[in-house]
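Colleague: Handing you a structure now.
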Amino acid sequence: MLEKVSQTLRIKFRRASKRAQNLSSKPSNEFLLKLYALYKQANEGDCVGKASGGIRDRAKWKAWNSVHGTSKFDAMTKYCEVVDKLVSMD
């Protein structure tokens, strides 16, 4: 099922991505993996293939795979929510 993502959400997502990069303190690994997974899901869709590489690459793959089936709309929305939470904690 293809879900149309509004231009407004696309703009909000791009802004959230920039805000995440400009945080004054580095988020915890848990938040970083959540952001990574949602960003990849929003931009590339479901994770394919098997986990490979070192510990870091496997952790990223597992995080992305954990949001398998999440729509682009939902991934963008959740990403923005996580960034908003991080900004408020910063």
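Colleague: Of the residues Phe31, Phe13, which single one is touching a residue at least 60 places away in the same chain (Cβ under 8 Å), among the aromatic types (Phe, Trp, Tyr) and either surrounded by 11 or more Cβ atoms within 10 Å (Cβ to Cβ) or on the phi > 0 side of the Ramachandran plot (or both)?
Modeller: None of the others qualify; the one that does is Phe13.
Colleague: Those residues that are touching a residue at least 12 places away in the same chain (Cβ under 8 Å) and closer than 23 Å to Leu9 by Cα, I need them from segment 44-62; list them, please.
Modeller: Passing the criteria: Gly45, Asp46, Cys47.
Colleague: Which members of segment 45-59 meet the condition of being surrounded by fewer than 19 Cβ atoms within 10 Å (Cβ to Cβ), over 14 Å from Val5 (Cβ atoms) and either of a type outside the set (A, V, I, L, M) or in contact with a Cys (Cβ under 8 Å, 6 or more places away or on another chain) (or both)? Explain how you work it out, then say what you get.
Modeller: Restricting attention to segment 45-59, the residues satisfying the condition of being surrounded by fewer than 19 Cβ atoms within 10 Å (Cβ to Cβ) are 45-46, 48-59.
If we keep only those that are over 14 Å from Val5 (Cβ atoms) as well, we get 46, 48-59.
Within segment 45-59, Asp46, Gly49, Lys50, Ser52, Gly53, Gly54, Arg56, Asp57, Arg58 meet the criteria.
No lab work stands behind these numbers, since they all come straight from the coordinates. Keep in mind that this is a model prediction, so the values were computed, not measured. So basically every Cβ, Gly included, is an ideal-geometry build from the backbone, and we count neighbours across all protein chains shown.
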